[in-house]
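K.L.:
Got a structure for you, questions after.
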Amino acid sequence: MAAWSEILQEAREAVGFTGRVVPRNLEGIRAALRPDRLPDLDAELATLSEGAAFEAFLDHWWTQSLADTATDADAKALAIDFADLVTALRAKATGGGAYTQAEVEDMLKGKAS
């Protein structure tokens, strides 16, 4: 299994992302998000238990936090491409499946487990 640092480096090289990488944990994500997004994060977090739904939650909000730290529209698009590739590479490395945006939204709304 590829290490997280190797996954980040592979994705950086693939898309040319040079921005700051937000830690993929609640503390890092909360610190990087715009303050007006925090109530939505907290509301979704309150509905989760563990497993695939929590991983999807982290992927979604980690991507949003990278976008929120971008300096302009081009940097934001690149950050989102980077996060999408990192998420796919991590899923591949851990033997997990990748989720579509609709599946992630359903999980966050409690429609899937």
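K.L.:
Scan segment 67-84 residue by residue and report those that are surrounded by 21 or more Cβ atoms within 10 Å (Cβ to Cβ) and either under 8 Å from the mean Cα position of the chain (by Cα) or among the basic types (Lys, Arg) (or both).
P.N.:
The one that is surrounded by 21 or more Cβ atoms within 10 Å (Cβ to Cβ) and either under 8 Å from the mean Cα position of the chain (by Cα) or among the basic types (Lys, Arg) (or both): 83.
K.L.:
Scan segment 49-80 for residues that are among the aliphatic types (A, V, I, L, M) and under 21 Å from residue 13 (Cα atoms) and jot them down.
P.N.:
Matches in segment 49-80: 66, 67, 70, 73, 75, 77, 78, 79, 80.
K.L.:
I'm trying to understand the selection: among the residues of segment 33-52, which are open to solvent by 50 Å² or more (accessible area, probe 1.4 Å), at pLDDT below 95 and in a loop (DSSP other than H, G, I, E, B)?
P.N.:
46, 47, 49, 50
K.L.:
Between 105, 55, which is charged (D, E, K, R), under 14 Å from residue 24 (Cβ atoms) and at pLDDT below 90?
P.N.:
55 is the lone residue from the list that is charged (D, E, K, R), under 14 Å from residue 24 (Cβ atoms) and at pLDDT below 90.
K.L.:
Does at least one position in segment 59-68 carry a residue that is charged (D, E, K, R) and without any contact (Cβ under 8 Å) to a residue 40 or more places away in the chain?
P.N.:
Yes - at least one qualifying residue is present in segment 59-68.
K.L.:
Further question on the same structure: Could you tell me whether residue 90 is surrounded by 12 or more Cβ atoms within 10 Å (Cβ to Cβ) and modelled with pLDDT of 95 or more?
P.N.:
No: the conditions fail for residue 90.
K.L.:
Still on this model: Does residue 2 satisfy being assigned to a helix (DSSP H, G or I), open to solvent by less than 50 Å² (accessible area, probe 1.4 Å) and in contact (Cβ under 8 Å) with a residue 12 or more places away in the chain?
P.N.:
When the stated conditions are applied, residue 2 does not pass them.
K.L.:
I'd like to verify a number: residues in segment 13-30 that are under 14 Å from the mean Cα position of the chain (by Cα) and aliphatic (A, V, I, L, M), how many?
P.N.:
Total satisfying the criteria: 4.
K.L.:
Residues being farther than 16 Å from residue 76 by Cα, assigned to a loop (DSSP other than H, G, I, E, B) and of a type outside the set (Lys, Arg): count how many of those fall in segment 16-32.
P.N.:
Residues flagged as farther than 16 Å from residue 76 by Cα, assigned to a loop (DSSP other than H, G, I, E, B) and of a type outside the set (Lys, Arg) within segment 16-32 amount to 2.
The values are calculated or read from the model by the stated rules, or taken from the named source; none is laboratory data. Keep in mind the model is a prediction, meaning the values are calculated, not measured. Using ideal geometry, Cβ is built from the backbone for each residue, glycine included, and neighbour counts are taken over all protein chains shown. Heads up: the accessible areas ignore ligands, DNA and RNA and are worked out on the full protein's heavy atoms, side chains in. Shrake-Rupley method; radii C 1.70, N 1.55, O 1.52, S 1.80 Å.
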